[in-house]
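Here the structure comes first, spelled out in structure tokens, and everything after it is commentary.
Only the coordinates and a few stated rules stand behind these numbers; no lab work does. Note that the structure is predicted; figures quoted are calculated from it, not measured. Cβ atoms come from the backbone with ideal geometry, glycine included; neighbour counts cover every protein chain shown.
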Amino acid sequence: MILNVVNNLKLVAINTPMCNQSSFGDITLYDNKADINYPYCNIDVVSGFINNYSIKYTIRLYVCDRNEPYIAYNKSEQILTQIINSLDLGSYTINYFTLNFKDQVNGVWADIQVDDKVEIPCVTTISEYMTLENGDLIKK
């Protein structure tokens with residue numbers, strides 16, 4: 001479920017003009033990596049909330065660059081706005097950050113809400129199993 005959501009977000013991000021790379025995982029995992037193509041979008045799952053047959057994920061989108069802060073903020077904000085507008089997600093709050101990676105990285109992040117359906121597998125009946133003395137179930 002979450003893998004499909006993340007893969008779709010990565011595809012939207014990489015197809016956004018000016019974005020050269022998209023990845024999934026904690027942004028600090030990319031500290032001191034020499035193979036990052038900036039500006040780059042990082043996708044991280046903050047939380048998931050299940051309600052009946054749907055799940056609402058809170059996903060954090062980071063967009064960062066190695067330019068000076070105000071140049072990086074401006075470019076990153078444009079990229080983030082394009083990504084979120086292409087997903088038609090409504091309102092969001094832009095937050096600015098500076099990380100001291102090997103090179104100083106500046107950019108923006110925003111939390112977005114994404115809904116997904118929970119797929120429930122076919123439920124089998126209890127008659128297909130035997131109960132052992134300790135209460136465990138085994139297949140007949």
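For residue 21, the residues whose amide H sits under 5 Å from its own are 41, ignoring neighbours fewer than 5 places away on the same chain, with H placed 1.01 Å from N. Please give the FRET efficiency for residue 45 paired with residue 70, using the beta carbon to beta carbon distance and R0 = 25 Å, rounded to the nearest 0.05. The computed FRET efficiency comes out at 0.25.
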